[in-house]
1. When only C-alpha pairs under 8 Å and at least 6 residues apart count, what is the relative contact order of the chain, in percent?
2. With viscosity set to 1.002 mPa s and temperature to 20 °C, compute the Stokes-Einstein D of the chain, Rh being the Kirkwood radius across alpha carbon pairs; µm²/s, no decimals.
3. How big is the Rg/Rh ratio for the stretch 88-131, C-alpha atoms only, Rh by Kirkwood, two decimals?
4. What net charge is computed for the residues neighbouring D53, neighbours being all others with C-beta under 14 Å from the C-beta of D53, Lys and Arg scored +1, Asp and Glu -1?
5. By the scheme Lys and Arg +1, Asp and Glu -1, what is the net charge of all other residues having a beta-carbon under 13 Å from that of H40?
6. Could you give the accessible area per residue of the chain, probe 1.4 Å, as a whole number in Å²?
7. Given a 1.4 angstrom probe, I'd like the percentage of the accessible area of the chain that is carbon and sulfur, rounded to a whole number.
8. Could you work out how far helix 51-87 tilts from the main Cα principal axis of the chain, as a 0 to 90 degree angle to the nearest 10?
Amino acid sequence: PYVVKQGEAYMSRAQLDHFRRILGSWKLDLMEEVDRTVSHMKDEAANFPDPNDRATQEEEFSLELRTRDRERKLLKKIEQSIALIDAGDYGYCDETGEPIGIRRLEARPIATMSIEAQERHERNERVHRDD
C-alpha cells in the first residue's frame, strides 16, 4: 500500500504514478488471461460424440466467456481510470468532487465515488428498484 508522506499533497505525482502502476499491472494481467482463454478454447474445442461431454464442454466455455465479458467491462473501467490520471482528475469523486481517499483507491483503484457518495448511490438504486 501507498504510504502518504508527511505534508504530501493529495494525488501527488508519486501517488498518481503508484496508481498508474497498479492499474497498468491489472490491465496486463487481464489481457494475458484473455489470451489464455482464447488459446484454451482453441486447444480444447472438440466435437465429442457423446452429447453429455459436448454439453459439459459448452457449459465450461460459456462460463469462461461470461467471466471474460465481466473482465472486458473491468478493462474499460481500468482504461477510464488511466485516462483520469492523464487528465489530472483521478482520485476525486464524480458526484461531489471531494477526494476519494488513498485507502479506498488502494482497495478499489477504479473507484469513481467516495464511500459516502457510493453508499447514497446504492441506496437510491435500491429505493428506485423497489418502486
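The values are calculated or read from the model by the stated rules, or taken from the named source; none is laboratory data. Bear in mind that the values here come from a model prediction, so they are computed numbers and not experimental data. Please note: Cβ atoms are built from the backbone with ideal geometry, for glycine as well, and neighbour counts cover all protein chains shown. Just so you know, the surface numbers come from the protein's heavy atoms only, side chains and all, with ligands and any DNA or RNA stripped out. Shrake-Rupley method; radii C 1.70, N 1.55, O 1.52, S 1.80 Å.
1. Values: 71 pairs, mean separation 31.5, N = 131.
Relative contact order for the chain comes out at 24 percent.
2. On the way: Rh = 17.6 Å.
Here the translational diffusion coefficient equals 122 µm²/s.
3. On the way: Rg = 11.7 Å, Rh = 11.0 Å.
Here the Rg-to-Rh quotient is 1.06.
4. Values: positive: R54; negative: E44, D50, E58, E59, E60.
Taking every other residue near D53 into account, the sum is -4.
5. On the way: positive: R36, K42, R68; negative: E32, E33, D35, D43, E44, E60, E64.
Summing Lys/Arg as +1 and Asp/Glu as -1 gives -4.
6. Working: 9200 Å² over 131 residues.
Each residue of the chain exposes 70 Å² on average to a 1.4 Å probe.
7. Values: 4700 of 9200 Å².
Whole-percent figure for carbon plus sulfur exposure: 51.
8. Once rounded, one gets 20 degrees.
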